[in-house]
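Report on the structure given below.
The values are calculated or read from the model by the stated rules, or taken from the named source; none is laboratory data. Please read all numbers here as calculations on a predicted model, not as lab measurements. Please note: Cβ atoms are built from the backbone with ideal geometry, for glycine as well, and neighbour counts cover all protein chains shown. Ligands, DNA and RNA are excluded from the accessible area calculation, which covers all protein heavy atoms including side chains. Shrake-Rupley method; radii C 1.70, N 1.55, O 1.52, S 1.80 Å.
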Amino acid sequence: MGETEKRIETHGIRCLSKMKMFLLAITCAYVSKTLSGSYMNSMLTQIERQFNIPTSLVGFINGSFEIGNLLLIIFVSYFGTKLHRPIMIGTGCVVMGLGCFLKSLPHFLMNRYEYESTVSVSGNLSSGSFLCMENGTQILRSTQDPSECTKEVKSLMWVYVLVGNIVRGMGETPIMPLGISYIEDFAKSENSPLYIGFVETGAIIGPLIGLLLASFCANVYVDTGSVNTDDLTIAPTDTRWVGAWWFGFLICAGVNVLTAIPFFFLPKTLPKEGQEDNADIIKNENEEKKREEVKKEKNGITKDFLPFMKSLSCNPIYMLFILISVIQFNAFVNMISFMPKYLEQQYGKSSSDAIFLMGVYNLPPICVGYIVGGLIMKKFKITVKQAAHIGCWLSLLDYLLYFLSFLMTCENSSVVGINTSYEGIQQDLYVENNIFANCNADCNCPTKIWDPVCGNNGLSYLSACLAGCETSLGAGINMVFQNCSCIQTSGNSSAVLGLCDKGPDCYMMLQYFLILSATSSFIYSLAAIPGYMVLLRCIKSEEKSLGVGLHTFCTRVFAGIPAPIYFGVLMDSTCLHWGTLKCGESGACRIYDSATFRYIYLGLPAALRGSSFIPGLIILILLRKCHLPGKNVSSGTELIETKVKGKENECKDIYQKSMILNDDELKTKL
């Protein structure tokens, strides 16, 4: 008898350590997958500039991740519970690494990045042809070899990024549904919210690392090591700057492959926590596995697929939760994906600074919110009804605070010839004829090339030539232009490379916006765990894996894919000046109408999030109408079917479909 107890104790310790090992491994997997995802989202602007493509196409590339994900999500979620879940998760991590490697390939297959510039048109910085010189630019253009344009083909190397993102999406598919279902199946019900909270914390650490990596890479020139950066005439704040986007993808590839290793050493199943010392479980483990295999061979692995799908489709709370997720995901995918671009255009920050600020101000509050939310669920034994109310009202509070961001604005950058006249008067529309004035009429300046300079009168100009500058001092980014006839000042008129700064008032508005963003992130993440537990507890235990997968599938199809595309199209509509390639083709957008851009970036998500509260209130009404008898989320106490009379009979279907007691748990309680 002593040997049996010793064997049981050893088995329990071994199973407990394997559960902890799985928690550590799945947390690392969340870190690696979110690291790759956050890095990709942060590099969208760099990819747009590298390949000179519009934001709508960048949105499609970003949404391609969801395409790869949805190709497998339903089948992985269902078949994954029948197969070896840890091995499937490990394989997915390897595939994610392959996708990240594919995305870095264009850098090694393309020529060096060439940005548009009047300064470097001749290839000789000292020629002075970029200044206001009569017929100077025309002579330069006539000496250019016409065959160069016929040979130049707009790069299609972005297809590698597209395919790599699809492959990464396919690899990411098994991690969330199979990881969460594995925890739900083998962890104590009261520990499940806390474990999921820790896993979701890993999903915050990953983006934090990814954003810091992206901030570093965005500040390093894309071709560093192969060009002399001292000769560059652009700074990281310039909209033509492209950072070393490819370097981070190589790091993400290596991290994903390393993360996969532990999963290949984890078992297919574990005894449920708290039952490790049950001799019957230890004795019957192998017999139960054999019975499962025989049952699969006899009935077929897909026997329950359609009944499960029908059961989930007829679950009103589950379907309403999916509707809420789709609407809110449409809002948040746009806000997160294009937040660096918003900070650049609205507050004049560089890509590197925008990415860094986004990570520092938003991710730590989200991390704390996830942990606190999980602890509250465990500490106070929150019921399903209480969890639904917590999630709804906290989300509403966050939504109301969100409207303060409309007040934290900065004015458009004043660029003469685009939104400002040469007299410094703001213009509503961009008119190409307004580019010229008497001060530069004889300079024969190029009109489409974006090479802005900031005059000492506080106005920006499309180029030094259009500013009427006749001489220059220095080289590279430190070049100073003098004798600028279009810059009206009392003293010597001069200009420097780049757009003018937006001033201290705009800096303060940025600080207010970031503080509000941090506060909103904490409140919303605090509501995330209660809301997610409502999703998990409103479906049968045997349907959880498929239910989580179907939930993910719907958010991918109806939000993850279309949202970046239509959002990108709307952003492109606010562009004031498009970049120009060597042969006159249009490239990436250089400057947007900040006011219209702000209304789209903030207004559309506000409308979407507001509409999501309608199905949320319906869920609260359904839960209240059914008079749930103390259903506890954290302890796993499920609704036991009882006899009901009168109007309570209307809730019977919801009881049966949404909140059925797990058979194993019922046997344990009895």
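Checking every residue in segment 506-516 against the condition of being without any contact (Cβ under 8 Å) to a residue 24 or more places away in the chain and on the phi < 0 side of the Ramachandran plot gives at least one match.
Within segment 553-569, one or more residues are in contact (Cβ under 8 Å) with a residue 24 or more places away in the chain, within 30 Å of Thr447 (Cα to Cα) and either among the acidic types (Asp, Glu) or open to solvent by less than 20 Å² (accessible area, probe 1.4 Å) (or both). Restricting segment 590-614 to residues that are of a type in the set (Gly, Ala, Ser) and open to solvent by less than 40 Å² (accessible area, probe 1.4 Å), the residue that is farthest from the chain's Cα centre (by Cα) is Ala595. Return the residues of segment 453-490 that are free of Cβ contacts under 8 Å to residues at least 24 places away in the same chain and not aliphatic (A, V, I, L, M); say none if nothing qualifies. Across segment 453-490, the qualifying residues are Gly474, Asn478, Gln482, Asn483, Ser490. Within segment 331-356, the residues that satisfy the criterion of being in a helix (DSSP H, G or I), out of contact with any Pro (no Cβ under 6 Å at 6 or more places or on another chain) and open to solvent by 30 Å² or more (accessible area, probe 1.4 Å) are Phe332, Ile336, Asp353, Phe356. Within segment 577-629, the set of residues being among the basic types (Lys, Arg) and over 21 Å from Ser337 (Cβ atoms) comprises Lys582, Arg624, Lys625.
Checking the condition in the same structural domain as Gly348 (by the TED database) and surrounded by fewer than 21 Cβ atoms within 10 Å (Cβ to Cβ), which residue from Ser525, Ser545, Ser490, Ser586 passes? Going through Ser525, Ser545, Ser490, Ser586 in turn, the sole match is Ser586. Taking the criterion of being in contact with a Gly (Cβ under 9 Å, 6 or more places away or on another chain) and buried (at least 23 other Cβ atoms within 10 Å of the Cβ), the residues of segment 371-394 that qualify are Gly373, Gly374, Met377, Ala387, Ala388, Gly391. Can Thr574 be described as under 20 Å from Leu44 (Cα atoms), over 23 Å from the mean Cα position of the chain (by Cα), crowded, with 18+ Cβ neighbours inside 10 Å and among the polar types (S, T, N, Q)? Considered against the rule, which asks whether it is under 20 Å from Leu44 (Cα atoms), over 23 Å from the mean Cα position of the chain (by Cα), crowded, with 18+ Cβ neighbours inside 10 Å and among the polar types (S, T, N, Q), Thr574 comes out as no. Among residues of segment 390-417 that are more than 28 Å from Gly531 (Cβ to Cβ), those with a beta-carbon under 8 Å from a residue that is buried (at least 20 other Cβ atoms within 10 Å of the Cβ) and of a type in the set (Asp, Glu) at least six positions away or on a different chain give the pairs Asn412/Asp593. Ile449: of a type in the set (A, V, I, L, M) and in the same structural domain as Leu623 (by the TED database), yes or no? No. The residue that is surrounded by the most Cβ atoms within 10 Å (Cβ to Cβ), among those in segment 471-487 that are under 40 Å from the mean Cα position of the chain (by Cα) and assigned to a loop (DSSP other than H, G, I, E, B), is Met479.
When Gly243 is tested against the conditions (1) closer than 24 Å to Ile376 by Cα; (2) under 20 Å from the mean Cα position of the chain (by Cα), the lone failure is (1). Select from segment 313-330 the residues that are among the aromatic types (Phe, Trp, Tyr) and within 13 Å of Thr555 (Cβ to Cβ) and write down the one among them that is most open to solvent (accessible area, probe 1.4 Å). Per the stated criteria, the residue is Phe329.
Within segment 180-199, restricting attention to residues that are charged (D, E, K, R) and modelled with pLDDT of 75 or more, the residue that is farthest from the chain's Cα centre (by Cα) is Asp185. Among the residues of segment 245-264, those identified as touching a Cys at 6+ places or on another chain (Cβ under 8 Å) and surrounded by 21 or more Cβ atoms within 10 Å (Cβ to Cβ) are Trp245, Gly248, Phe249, Cys252, Ala253, Asn256, Thr259, Ala260, Phe263.
Residue count for segment 98-128, restricted to those that are closer than 17 Å to Lys448 by Cβ and either surrounded by 20 or more Cβ atoms within 10 Å (Cβ to Cβ) or at pLDDT 65 or above (or both): 6. Looking at Pro446, is it more than 34 Å from the chain's Cα centre (by Cα) and touching a residue at least 40 places away in the same chain (Cβ under 8 Å)? It is true that Pro446 is more than 34 Å from the chain's Cα centre (by Cα) and touching a residue at least 40 places away in the same chain (Cβ under 8 Å). In this entry, Gln386 is excluded by the filter for residues that are assigned by the TED database to the domain that holds Ile618, under 19 Å from Ala607 (Cβ atoms) and not hydroxyl-bearing (Ser, Thr, Tyr).
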